[in-house]
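Have a look at the structure below, then the notes.
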Amino acid sequence: MRDNALAGELRACGHDAVLIPLYSPLRTDTADNSSSGVFYGAVNVWLQYASGLFRRTPRFVDWLLDRSWLLRLAGRIGAQTPPAKLGDFVLSVLRGEDGPQTKEMRRLIDFLRTDVKPEVVSLPNAMFIGLAGALRRELGARVVCELTGEDIFLDALGEPHRSEARRLISGRTGDVDAFVATSRYYAQRMAEYLDVPAERIAVVHPGVPQRLIDAPRTAAEAGGALAVGYLARICPQKGLDRLLEAVGILRRMPGMSEVRLRVAGYLGAMHRRWFEMLRQRVRRLGLEEAFEYVGEVDFEGKREFLDTVDVFSVPATHPEAKGTYVLEALARAVPVVLPATGAFVELVEQTGGGLLCGAPDAQGLARGLAELLSDGQKRMETGRRGREAVRTMFTTRHMALRMLEVYDAAGGQRTGGVGAAEGVSGSGGRGADYP
């Protein structure tokens, strides 16, 4: 969703931007800004890893295996595979031109050379850094590599794959002109994790669409109970179980007995059993009337959902690299209560739109939620302050303009060689031309 928004804003700034889907078609809650067709299609990439036969198949066979319906099916099945079982496959992709998927790499290079002719190509994450060297040599474009949360996946690999993956990525960092992290926290984290000088990693925070900020707020139901909101992927790592426990504690505090927990977000097959166990816990705690899951929501559904909650919390158990959902809540003037970890710290400090509850436990969350829910004036003022900060610093336009600065600066940081790679690929005007 972030790359999709970025491509749209780059075009709005007057640049040619081509967003190229990798592995599978995009999944986004707004208009799809990607090009037609998928590169590094998940089925082809897996089969070429698994069998030498598929490394020599003619293009029409590969084309059949890149059909959108098949890739979506493969995505649903593949999403149920734990990272620990994917070690050898991950290493094969990281090896790039030295790995078994060179046929896919050649098709991508040919497309970029003939159809895009980019000045800058941005890898969507470090998992594709193995392509950077070949792409630089053949395309003459600047290569930017985004860092968006890869450590979670890499740390879930078993040994020796985990260490080998880090070694392969670190060994390819010289093929990249600039790195971009989605928060100051994550820039520092990845500088240490990949042994990259901190000055090589720029920070570009995510942004939210202006229309999410400006849309009229849905009228609140008169006399309705106060509600805590959660809008993120439904999985253990986002801390929904911890939030449920916090709301149970909160409802035992004076004046908080009617507080509800409203939940929305994508629920993948891998975590359905976990979520059903969470529902059973809701029943055991007697919170059936206080808990509501509205499912996955589109852009308008997201806006309407946020307008029905009074305080927002996603108490992630792993330090967040982005925290886009925090900015989305603040865009609707909903204050946040979050653990003092990862990107949450800088987002709350820069926006003034919420509270950091210190230790990420249920008791601390409950106290933070109670502080805002029990004081309507403070709650509204905190939300208003957060909304204004998002308006002035964290829109998708701010994100695009900052990325353009990184793209321009990357031209002066090259240390030898040429190239490009994947994700958002822009060609066109120079930095002085954008609004």
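The values are calculated or read from the model by the stated rules, or taken from the named source; none is laboratory data. In this text the structure is predicted, and so the values were computed from the model without any measurement. In this analysis, Cβ positions are derived from the backbone assuming ideal geometry, glycine residues included, and neighbour counts consider all displayed protein chains.
Checked against (1) touching a Leu at 6+ places or on another chain (Cβ under 7 Å); (2) assigned to a loop (DSSP other than H, G, I, E, B), G14 meets all criteria but (1). I'd like to check something: does the stretch 97-104 contain any residue that is polar (S, T, N, Q), surrounded by 15 or more Cβ atoms within 10 Å (Cβ to Cβ), within 26 Å of L47 (Cβ to Cβ) and touching an Asp or Glu at 6+ places or on another chain (Cβ under 6 Å)? No, the conditions are met nowhere in the stretch 97-104. I want to confirm something. Restricting to the stretch 311-340 and keeping residues that are closer than 15 Å to L365 by Cα and not β-branched (V, I, T), which single residue is surrounded by the most Cβ atoms within 10 Å (Cβ to Cβ)? Restricting to residues being closer than 15 Å to L365 by Cα and not β-branched (V, I, T), the top hit is S313.
Taking residues in the stretch 15-27 that are under 15 Å from E119 (Cβ atoms), and partners anywhere that are surrounded by fewer than 21 Cβ atoms within 10 Å (Cβ to Cβ) and aromatic (F, W, Y), the pairs with Cβ atoms closer than 8 Å and at least 6 places apart or on different chains are H15/Y434. Considered as a group, the residues in the stretch 151-197 that are modelled with pLDDT of 95 or more and aromatic (F, W, Y) include one that is farthest from E119 (Cα to Cα), and that residue is Y185. Scanning the stretch 270-280 for residues that are loosely packed, with under 15 Cβ neighbours inside 10 Å and touching a residue at least 40 places away in the same chain (Cβ under 8 Å) yields a count of 1.
Search the stretch 231-258 for residues being surrounded by 21 or more Cβ atoms within 10 Å (Cβ to Cβ) and among the β-branched types (V, I, T), and hand back the single one that is farthest from the chain's Cα centre (by Cα). The selected residue is V247.
Restrict the check to the stretch 384-407 and report whether at least one residue is among the small types (G, A, S), surrounded by fewer than 22 Cβ atoms within 10 Å (Cβ to Cβ), within 19 Å of V204 (Cβ to Cβ) and at pLDDT below 95.
Checking the stretch 384-407: not a single residue is among the small types (G, A, S), surrounded by fewer than 22 Cβ atoms within 10 Å (Cβ to Cβ), within 19 Å of V204 (Cβ to Cβ) and at pLDDT below 95.
In the set A7, A74, only one residue is more than 17 Å from N125 (Cβ to Cβ) and of a type in the set (A, V, I, L, M, F, W, C); that residue is A74.
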